[in-house]
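Structure record follows, encoded as structure tokens.
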Amino acid sequence: MPQYADLHLHSKWSIATSRDLDLQQISIAARKKGISLVGTGDFTHPAWLQELKEGLCPAEEGLFQLRPELDRRIKPVIPSPCHNSIRFVLQAEVSTIYVKNDRTRKIHHLIFVPDFASAERLVCRLSSFGTLSSDGRPTLRMDAKLLLQIVLDVHPLAFLVPAHIWTPWFSVLGSKTQFHSIDECYEELSSHIFAVETGLSSDPPMNRRVSSLDRFQLISNSDAHSPLKIGRKASKFSDIHSFSFIRNALSTGEGFEGTLEMYPEEGKYFLDGHRACGFSCSPEETHVHQGRCPHCHKLLTKGVVHRLETLADRPPSMLPSWSKPCSYAIPLTEVLSEVLHVGPQTNKVHNAYEHAISCLGPEIPILVNVPLEEIQSIGIPRLSEAIHRMRHGIIWKQPGFDGQYGKIRLLPSE
Ligand SMILES: [Zn+2]
Ligand SMILES: [Zn+2]
Ligand SMILES: [Zn+2]
């Protein structure tokens, strides 16, 4: 049976993340969502690495599970249809800042290692480039290529995935960093990179317009800063036997079955714009305004669509036949928020969410393939209609820009 993985998370030790992001809360949220494999996030942070060592025990090769005594403690708060097993993989995100060819390059990278010994070797090597204890996603003063070399040195199976490759401020292809290809950044070592992360503001069809990305698998992850966001984007595998299996699936495509997407318009950097003025526009309009906000004349932040247009060498179209499939969903709390006319963080939505997963099982299947009659049978008015519309893309979108999330609406106003 296909399994969903979320391979980019953060812990409570990253700046601007929820204090709830500990191993138990991550496990609860992932199970409710229907995620079988999660990244630990932040293993370069000394305190979190210690918590991981104490809270996890080995499962299959290169994977970990919550210690049985901790697992027993959280079982009572998880509805029984969501009692699936969950695995962890050692994952971190680091930010490199450096100058190359007279340009400042700020790039986020995901790193995966199969055991604690490799994690410790990596921590030891990276600690001379920045303070690892100051942020779960540390800033390192080093070239991205050197980072990749160090990752490759610590274990033959360790691998690096460039994170959210299009976001303007901190990514390999983003409008501020301005590398034109993965190869330009990692040079001759780029042959060791086999997957890239699309990020919240782009989806596989957009990425497939850029032929230099053809050889990479496109993975999708939540980049969750709170438990609620875990699994909002996810990657699908035929199974999750082991670290080697996941790595092989991403490097060959065999066993990697595609992604669960958010609508990219919901991401924070889809269009161009200036948030303080509430102004957003298409790349064409940005040219008309000569790159400046028409209200205050500051420079507009160029979004993912703009940057992608610059590098795209294919016209917009459907996903090429050789690319992995993707399906789109909106988090169930957002769907319930719309259906119940209250905010997504309210008790009313929380209670309806718990009711839905208690009756129907984890969230992702509810969004993707549980029959509508079953959804209707749990008695939440208009929920099945909203999910029907979502599954068929009958939606209204207000795209995000300059750090502001976009909005998606499913139902016509009553
Ligand atoms: Zn990042
Ligand atoms: Zn992140
Ligand atoms: Zn402005």
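The values are calculated or read from the model by the stated rules, or taken from the named source; none is laboratory data. No experiment lies behind these values; they were computed from the predicted model shown. With ideal geometry, Cβ positions are generated from the backbone for all residues, glycine too; neighbour counts draw on all protein chains shown.
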Residue list for the range 276-298, restricted to those being in contact with a Lys or Arg (Cβ under 9 Å, 6 or more places away or on another chain), more than 9 Å from ligand 3 (Cβ to nearest atom) and not in a loop (DSSP other than H, G, I, E, B): Pro283, Thr286
What residue, among those in the range 29-59 that are of a type in the set (D, E, K, R) and in contact (Cβ under 8 Å) with a residue 60 or more places away in the chain, is nearest to Ile240 (Cα to Cα)? Arg31
Asp153 fails exactly one of (1) surrounded by fewer than 20 Cβ atoms within 10 Å (Cβ to Cβ); (2) assigned to a loop (DSSP other than H, G, I, E, B), namely (2)
Output the residues belonging to the range 77-104 that are touching a helix residue (DSSP H, G or I) at 6+ places or on another chain (Cβ under 7 Å) and farther than 30 Å from Pro2 by Cα. Thr96
Is it the case that Arg87 is more than 21 Å from the chain's Cα centre (by Cα) and modelled with pLDDT of 95 or more? no
Pick out the one residue from Ile150, Ile107 that is closer than 25 Å to Gly258 by Cα and among the β-branched types (Val, Ile, Thr). Ile107
Please verify whether Ser201 is touching a Pro at 6+ places or on another chain (Cβ under 8 Å), within 13 Å of ligand 1 (Cβ to nearest atom), in a loop (DSSP other than H, G, I, E, B) and not aromatic (Phe, Trp, Tyr), treating the condition exactly as stated. yes
Search the range 299-331 for residues being surrounded by 19 or more Cβ atoms within 10 Å (Cβ to Cβ) and in a helix (DSSP H, G or I), and hand back the single one that is nearest to ligand 1 (Cβ to nearest atom). Val304
When the residues of the range 1-38 are filtered to those that are charged (D, E, K, R) and assigned to a helix (DSSP H, G or I), which remaining residue is surrounded by the most Cβ atoms within 10 Å (Cβ to Cβ)? Lys33
For the range 60-98, name all the residues that are part of a loop (DSSP other than H, G, I, E, B) and either without any contact (Cβ under 8 Å) to a residue 12 or more places away in the chain or of a type outside the set (Ser, Thr, Tyr) (or both). Glu60, Glu61, Gly62, Leu63, Arg67, Ile78, Pro79, His83, Asn84, Ile86
Considering the range 91-125 alone, what residues qualify as being under 21 Å from Ser190 (Cα atoms), surrounded by 23 or more Cβ atoms within 10 Å (Cβ to Cβ) and either within 16 Å of ligand 1 (Cβ to nearest atom) or small (Gly, Ala, Ser) (or both)? Gln91, Ala92, Glu93, Val94, Thr96, Ile107, His108, His109, Leu110, Ile111, Phe112
Based on what the data block shows, is Gly303 within 16 Å of ligand 3 (Cβ to nearest atom) and at pLDDT below 95? yes
Among the candidates Leu189, Leu213, Leu146, single out the residue that is crowded, with 19+ Cβ neighbours inside 10 Å and away from ligand 3 (no atom under 16 Å from the Cβ). Leu213
Would you list the helices (runs of 4 or more DSSP H) that sit entirely within the range 354-396 and hold 2 or more residues that are within 23 Å of the chain's Cα centre (by Cα)? 363-368, 383-391
